[in-house]
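Before any comments, here is the structure.
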């Protein structure tokens, strides 16, 4: 059991993390003190074009080796310790630093790859080759703050209330079958994607080997890490929309595909075949934070909870309604998203709360076909 | 090394007493206001004596639950019950789990304003819980007796393993409602839903009765999701909506509700509508479908011939 929250303002208005910490604290008992974290998108407007690297160091040697690496490959604008404060319950905090940097232009040019790929390579290098160093986040104008503790403790420790973001995601961890350590807390992040997860990715082994072929190396001993990399692969590199990515990771069951019309059956069959090894199996609720907003979705049979609410331009999702009430005390609409149907919030676009329809089998007395591929591209199709 | 940064300094700011941790729940006894309706009563009367010729209504209490941790709230409830209070209102509830767990006083009324957390009324043995708001997951988990009435919607696994008593939800419910419900002799648990239900309604249901009305929903689409009655081998479900066999588990069969069956349901549905101020005529109109197992022991031979 874990707890999670996502919050995004479609108007791009930035909000202090304080309310998110308060809301997360209401899910205290979904965790056991062995992990919590926050990601804020839009928190570093003074450095919009620099990659913000958040680093976790277990040793001073790791810090020195990493800084030598960054110094060699990047133009560094600023390096500083992450502001923290003493907090009851937080012990054995590692060294926590952040760096605002751009790829060194000649080396980037010589590498022949995009600046984003240059950064991904750096992250993979640090995580795999520098012992005791872990990259918590590496995106622009965003950052991950995570560690071992309860969410209210981690929020206090990192002074989350000092940051303002248009999109926040938060997590309270109850590790069941993986290691509890600072790097293994959620969110997991790469470039501008941050991700929290409640549940278990039973397909982790297959997924991990699949993305290894694309240069992603899992090092953090937590299944969730693979989902963060999958979104970078599917959305940034393969150009899928957020809807398509969600449908690739949590596709309709074959029994549902069998009942679709010809086009949808064809499209979904293709999607499942192409991304067979990317599919996430097992019980999960996932929230993805991006520079664009957020995406929340469930496994296909709803084995983990997820509720959502909208109030004006603010949209929130959470494992428990209490958190929504703390964030949005007077919601316009509050609902439980359907299993496998993503909630997608995009900055600059008015959010339409889906009036969720229940998919009908063919020949249903009241007629109608199950969702077609059109829902992947047209939001309005979701409301039936 | 980067620049001239000093790494000798820990990246830990000095302790700042002015900045206290952001608190979620607080661990202290809640503020309780007890009103003694009959101030002339020398002692607190028991429920039994209050029904006699000299009615002295037992005191009522209002508890401010704002951000009070569930343990302190339940301790306050237990203390009030021990003091003879039989009408308790919790105000500003938000997310506290296990509220009303294991209460057994048949004459106790617990009113909850706000959103109670997981496992509301778990192991309930007799009280009446009234929720003025939505409920989260696990309402009436393993409940034995008593009443839970939710004036809003509820989440997943309502009535998990429920074995007695009654759960009424005015609005919609989530997934796996009535999972593992069971009955024994005169104990027949009942769940009535005023709105719609999602997939796995009555999953592994072994006893009891569920009624789905679809008269007070905020959702569009089908009243009942997929995989209805999967693994069901006891009890019965009545749904006031068309049901397709393809929506259901292979263990169940569908029949239109008979007049005799409707005669049995009518008082229950009428009472449900009275509780929530719904139109009983509308709730009773239309065809009800009965969903019940086709075999009482579908897995009887599962491990016989391995």
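Name the residue that is farthest from the other protein chains (Cβ to nearest Cβ), counting only residues in segment A:41-69 that are touching a helix residue (DSSP H, G or I) at 6+ places or on another chain (Cβ under 8 Å) and surrounded by 21 or more Cβ atoms within 10 Å (Cβ to Cβ). Even if it seems obvious, please write down each step before you answer.
Filtering segment A:41-69 down to residues touching a helix residue (DSSP H, G or I) at 6+ places or on another chain (Cβ under 8 Å) leaves A:51, A:53, A:55, A:57, A:66, A:69.
Those left that are additionally surrounded by 21 or more Cβ atoms within 10 Å (Cβ to Cβ): A:51, A:53, A:55, A:57, A:66.
Details: A:51: 15, A:53: 12, A:55: 11, A:57: 10, A:66: 10 Å.
Result: A:51.
What's the total number of residues in segment B:173-194 that are in contact with a strand residue (DSSP E or B) (Cβ under 7 Å, 6 or more places away or on another chain) and at negative phi? Walk me through it before giving the result.
So the first thing to find is which residues in segment B:173-194 are in contact with a strand residue (DSSP E or B) (Cβ under 7 Å, 6 or more places away or on another chain), and the list is B:173, B:177-178, B:180-183, B:188-194.
In the following step, the residues that additionally are at negative phi were identified as B:173, B:177, B:181-183, B:188-194.
The total comes to 12.
Please determine whether any residue of segment B:258-271 is within 14 Å of chain A (Cβ to nearest Cβ) and crowded, with 18+ Cβ neighbours inside 10 Å. No, segment B:258-271 has no match at all.
Just to be sure before I move on: is residue B:170 crowded, with 24+ Cβ neighbours inside 10 Å and more than 14 Å from chain A (Cβ to nearest Cβ) in the structure I sent?
Working: crowded, with 24+ Cβ neighbours inside 10 Å: yes; more than 14 Å from chain A (Cβ to nearest Cβ): yes.
The answer is yes for residue B:170.
Among the residues making up segment B:117-149, those that are in contact (Cβ under 8 Å) with a residue 24 or more places away in the chain, out of contact with any helix residue (DSSP H, G or I) (no Cβ under 9 Å at 6 or more places or on another chain) and buried (at least 19 other Cβ atoms within 10 Å of the Cβ) are B:120, B:121, B:122, B:124, B:129, B:137, B:139, B:140, B:143, B:146, B:148. Scanning segment A:6-36 for residues that are crowded, with 24+ Cβ neighbours inside 10 Å and closer than 22 Å to residue A:350 by Cβ yields A:6, A:7, A:8.
Among residues of segment A:162-181 being over 17 Å from the mean Cα position of the chain (by Cα) and farther than 22 Å from residue A:291 by Cβ, the one that is nearest to the other protein chains (Cβ to nearest Cβ) is A:174. Scanning segment B:191-206 for residues that are in a loop (DSSP other than H, G, I, E, B) and within 12 Å of chain A (Cβ to nearest Cβ) turns up B:195, B:196, B:198, B:199, B:200, B:201, B:203.
Identify, please: which residue in segment A:71-92 is at pLDDT 95 or above and within 7 Å of chain B (Cβ to nearest Cβ) and is, among those, farthest from the chain's Cα centre (by Cα)? Looking at residues that are at pLDDT 95 or above and within 7 Å of chain B (Cβ to nearest Cβ), I get A:71. Based on what the data block shows, is residue B:159 under 12 Å from the mean Cα position of the chain (by Cα), more than 11 Å from chain A (Cβ to nearest Cβ) and at pLDDT 95 or above? Yes; evaluated as a whole, the condition is true for this residue. Considering segment A:97-121 alone, what residues qualify as being touching a residue at least 60 places away in the same chain (Cβ under 8 Å) and either buried (at least 19 other Cβ atoms within 10 Å of the Cβ) or within 12 Å of chain B (Cβ to nearest Cβ) (or both)? Correct list: A:116, A:119, A:120. The criterion of at least 2 residues that are at pLDDT 95 or above and within 11 Å of chain A (Cβ to nearest Cβ) is met, among strands (runs of 3 or more DSSP E) falling completely within segment B:1-118, by B:87-94, B:109-115. The residue pairs whose first member lies in segment A:314-341 and is within 10 Å of another protein chain (Cβ to nearest Cβ), whose second member is modelled with pLDDT of 95 or more and surrounded by fewer than 21 Cβ atoms within 10 Å (Cβ to Cβ), and whose beta carbons are closer than 6 Å, counting only pairs six or more residues apart or on different chains, are A:326/A:22.
Only one entry of A:170, A:180, A:228 meets the criterion of being part of a loop (DSSP other than H, G, I, E, B) and either closer than 24 Å to residue A:131 by Cα or touching a strand residue (DSSP E or B) at 6+ places or on another chain (Cβ under 7 Å) (or both), and that entry is A:180. Among the residues of segment B:222-247, those that are within 10 Å of chain A (Cβ to nearest Cβ) and in contact (Cβ under 8 Å) with a residue 40 or more places away in the chain comprise B:225, B:241, B:242, B:243. When A:125, A:156, A:186 are checked against the criterion of being in contact (Cβ under 8 Å) with a residue 24 or more places away in the chain and either in a strand (DSSP E or B) or surrounded by fewer than 24 Cβ atoms within 10 Å (Cβ to Cβ) (or both), a single residue qualifies: A:125. When segment B:227-239 is filtered for residues that are within 22 Å of residue B:155 (Cβ to Cβ) and either out of contact with any helix residue (DSSP H, G or I) (no Cβ under 7 Å at 6 or more places or on another chain) or at pLDDT below 95 (or both), the ones remaining, listed by number, are B:227, B:229, B:230, B:231, B:232, B:235, B:237, B:239.
The values are calculated or read from the model by the stated rules, or taken from the named source; none is laboratory data. Quick caveat: nothing in here was measured; it's all calculated off a predicted structure. Don't worry about glycine lacking a Cβ; one is built from the backbone with ideal geometry, like all the others, and counts go over all protein chains shown.
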